[in-house]
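Structure, as structure tokens:
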Amino acid sequence: MNKINEKAKEKIFVALDFDNLEDAKKLVEQLGDNISMYKVGLESYLSTDGKLVDYLHEKGKKVFLDLKFHDITNTVKMACKNAIQKNVFMFNIHCSNGSKTMREVSNLVKESDSKSLLIGVTVLTNLSGDDISEMFKSSLNVEEMVLNLATIAKNNGMHGIVCSPLESKKIKEKLGQNFVTVCPGVRPAFTLNAQGKSDDDQNRIMTPFDAIKNNVDFLVVGRPITKAENPVESAKLILEEISQAL
Ligand SMILES: O=C(O)c1cc(=O)[nH]c(=O)n1[C@@H]1O[C@H](COP(=O)(O)O)[C@@H](O)[C@H]1O
């Protein structure tokens, strides 16, 4: 077994996508000190009435509150006001809310002296180039679209964005190393099929090793750990892979 660098533990959020509090808690207990950062998304936030966030904070874990707000400016701002009060490590809204909403929410974060990172979702990692051209009839390819949304996000005070690890390097080159990239669509080689693809909904994917080499700040990994036969073993393998790339 290869060595796990402690710094690898500061690179990965495990997505706790569960439909009840007990299963989520069980996994957190199982993973123990191996994992210090967790993502709470729509399913687990709703199914636990938000209690999962409190539980993780009690356990001393960092929380990424992934509720991806997308609505008119005032509604998103009011939702963010509540998210800020949760004192999470980071939370997100969609970049497609537009520049005005992003600017107003980033002002809200600053004015409230919040330490939370405000992150904009660019193009969801389950979407392919074909999906994008079908939806937007745009001449931009996925990477250009992500870069464009990331640029608008940066110009309007957002701390960083969610994108695929495939796009992280270009974003850092264009917008600076301090602009945070948060990347789902992470698939270790041991979870891929014979064609090198993932047998689930993720489309724009990369291995943990390559993601780190592409300057991703935070990897978001769900099913490769949560649905693994042995989640602890899987988490350790991923941490080893991250360690090798650091
Ligand atoms: O914002 C997110 O976290 C997110 C954005 C995105 O573009 N793609 C994406 O998969 N996610 C989330 O990241 C997690 C990925 O989980 P797995 O596909 O199971 O590894 C899920 O909880 C998604 O909701």
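Testing residue 114 on (1) within 16 Å of the ligand (Cβ to nearest atom); (2) not in a strand (DSSP E or B), one condition comes back false. Which one is that?
Of everything listed in (1) within 16 Å of the ligand (Cβ to nearest atom); (2) not in a strand (DSSP E or B), residue 114 misses just condition (1).
So, residue 149, is that one closer than 19 Å to residue 165 by Cα, of a type outside the set (Gly, Ala, Ser) and buried (at least 17 other Cβ atoms within 10 Å of the Cβ) or not?
So residue 149 passes the test.
Which one of the conditions (1) within 16 Å of the ligand (Cβ to nearest atom); (2) assigned to a helix (DSSP H, G or I); (3) not polar (S, T, N, Q) does residue 120 fail to meet, given that it meets all the rest?
(2)
Looking only at the range 211-234, which residues are assigned to a helix (DSSP H, G or I) and either within 11 Å of the ligand (Cβ to nearest atom) or at positive phi (or both)?
223, 224, 225, 226
Residue check, residue 24 against (1) small (Gly, Ala, Ser); (2) in contact with a helix residue (DSSP H, G or I) (Cβ under 7 Å, 6 or more places away or on another chain); (3) assigned to a loop (DSSP other than H, G, I, E, B), all met but one. Which one?
Unmet condition: (3).
Determine which member of the set 77, 61 is under 26 Å from residue 97 (Cα atoms), of a type outside the set (Gly, Ala, Ser) and buried (at least 17 other Cβ atoms within 10 Å of the Cβ).
Testing whether each residue is under 26 Å from residue 97 (Cα atoms), of a type outside the set (Gly, Ala, Ser) and buried (at least 17 other Cβ atoms within 10 Å of the Cβ) leaves just 77.
Output the number of the condition that residue 192 fails; it satisfies all remaining conditions of (1) surrounded by fewer than 17 Cβ atoms within 10 Å (Cβ to Cβ); (2) within 15 Å of the ligand (Cβ to nearest atom); (3) touching a residue at least 24 places away in the same chain (Cβ under 8 Å); (4) not hydroxyl-bearing (Ser, Thr, Tyr).
(3)
Residue-wise test of (1) under 15 Å from the mean Cα position of the chain (by Cα); (2) part of a strand (DSSP E or B); (3) aromatic (Phe, Trp, Tyr).
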residue	(1), (2), (3)
30	no, no, no
39	yes, yes, no
46	no, no, no
64	yes, yes, yes
68	yes, yes, no
74	no, no, no
79	no, no, no
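Residues in the range 130-150: is at least one under 13 Å from the mean Cα position of the chain (by Cα) and in a helix (DSSP H, G or I)?
The answer is no, given that none of the residues of the range 130-150 is under 13 Å from the mean Cα position of the chain (by Cα) and in a helix (DSSP H, G or I).
Out of the residues in the range 152-175 meeting the condition of being among the β-branched types (Val, Ile, Thr) and part of a helix (DSSP H, G or I), tell me which one is surrounded by the fewest Cβ atoms within 10 Å (Cβ to Cβ).
152
Among the candidates 86, 11, 68, single out the residue that is touching a residue at least 60 places away in the same chain (Cβ under 8 Å), in contact with a strand residue (DSSP E or B) (Cβ under 9 Å, 6 or more places away or on another chain) and among the charged types (D, E, K, R).
The conditions single out 11.
We did not get these values from a lab; they are worked out from the coordinates using the rules stated. Note that the structure is a prediction, hence the values are computed from the model and not measured. Glycine gets a Cβ as well: all are built from the backbone with ideal geometry, and neighbour counts include every protein chain shown.
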